[in-house]
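Participant: Pasting a structure below so you can have a look.
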Amino acid sequence: MDINFDFRNDSKCGDPDTDSPKLYQAHKILWSKMLPCGKAFDLEIVANYGRLLLKSDFGNLSSDRMCPHFDGKYKGKFDGWLPDSEREELKYKVRTIGGHIIFPAHRRDGFTINQARGIQRLIGDRFDLTLECIRRFYQEEQSPLYDTLIRYKDFFDLFIDFNGYTDFFMLQDFIDEKQQINFSLPFDNFNRSALPLTVEEYKQYKTCIVDLMNKRNKRLAVF
């Protein structure tokens, strides 16, 4: 597993989650294993209308970049907030294997998980906030993504509980010893914006995400 490979270099359209063969091969290798529920998660890479997917007995899955970099988004709001070298480091790290996960690929009476976490302003595509929603889902608690996650209950049931989900996808560094989320920015129960509010917060976010990517990459390297 090449934990330093930038999957942007393997994408014709510019979005590795759509068409990077190396990214999907990495997902297949990493997640083709026994599930916490006792069933085998056998994955096969398939092409579907110009994009790649992972086919399984439990439905098709797609890759998703876990952590946004915010650069070039929100009408240039964050332009100049980070030095060029730090901005490019963040954009690179989130496109290594440590920055990717898989979710069900197809809609079920609404947005997919990938889509919902991207358009929900209280989530802002951030994975720490997404993971908090997943944690609450397993506790049958409401969150900004609850209505979306409940449509994919059969997927989350494969992992039995939150501990099973985080262990399976090697997300241990995203949580603490009490199974609480290590947030990359201050958290106030989904009341504040998911975006960095100041230059200092953006720098804090960048440092946290790069550290998480490095730690998860190390876990995946010895898989």
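The values are calculated or read from the model by the stated rules, or taken from the named source; none is laboratory data. Nothing here was measured: the structure is a model prediction, and the numbers come from that model. Virtual Cβ from ideal backbone geometry, glycine too; neighbours counted across all protein chains shown. Protein only, heavy atoms only, side chains kept; ligands, DNA and RNA dropped before computing areas. Shrake-Rupley method; radii C 1.70, N 1.55, O 1.52, S 1.80 Å.
Participant: Hey, quick one: spin label on residue 91, modelled 7 Å out along Cα-Cβ, who in segment 190-223 has an amide N within reach, i.e. under 17 Å?
Facilitator: Counting backbone N atoms under 17 Å from the label point, the list is 203, 206-207, 210.
Participant: Could you sort 63, 85 by their accessible area in this structure, using a 1.4 Å probe and putting the largest first?
Facilitator: In descending accessible area the options line up as 85, 63.
Participant: If you don't mind, another one. May I have the extent of the alpha carbons of the chain along their three principal axes, as whole Å values ordered from largest to smallest?
Facilitator: 47, 40, 35
Participant: Any idea what the relative contact order of segment 69-189 is, in percent, if you count C-alpha pairs under 8 Å spaced at least 6 apart?
Facilitator: Contact order relative to length: 17 percent.
Participant: Can you give me the orientation-averaged projected area of the convex hull built on the Cα atoms of segment 1-51, in nm²?
Facilitator: The orientation-averaged projected area of the Cα hull of segment 1-51 comes to 4.2 nm².
Participant: When only DSSP loop residues count, what trypsin sites (Lys or Arg not before Pro) in segment 169-216 have their Cβ near at most 11 other Cβ atoms within 10 Å?
Facilitator: 178
Participant: Let me ask something else. Gain in length, residue 79 to residue 55, computed as 0.36 nm per residue apart minus the alpha-carbon separation, to one decimal in nm? Please report the intermediate quantities before stating the final value.
Facilitator: On the way: separation 24, 0.36 × 24 = 8.64 nm, distance 3.88 nm.
4.8 nm is the gain from fully extending residue 79 to residue 55.
Participant: What does the convex hull of the alpha-carbon atoms of segment 5-104 project to on average, in nm²?
Facilitator: Averaged projected area of segment 5-104's Cα convex hull equals 7.5 nm².
Participant: Roughly what would the spin-label model give for residue 28 and residue 167, points 7 Å off Cα along C-beta, in nm?
Facilitator: Label-label distance for residue 28 and residue 167, simple model: 2.8 nm.
Participant: What distance in nm separates the two pseudo spin-label positions at residue 2 and residue 39, each 7 Å out from Cα along the beta-carbon direction?
Facilitator: Between residue 2 and residue 39, the label points sit 3.4 nm apart.
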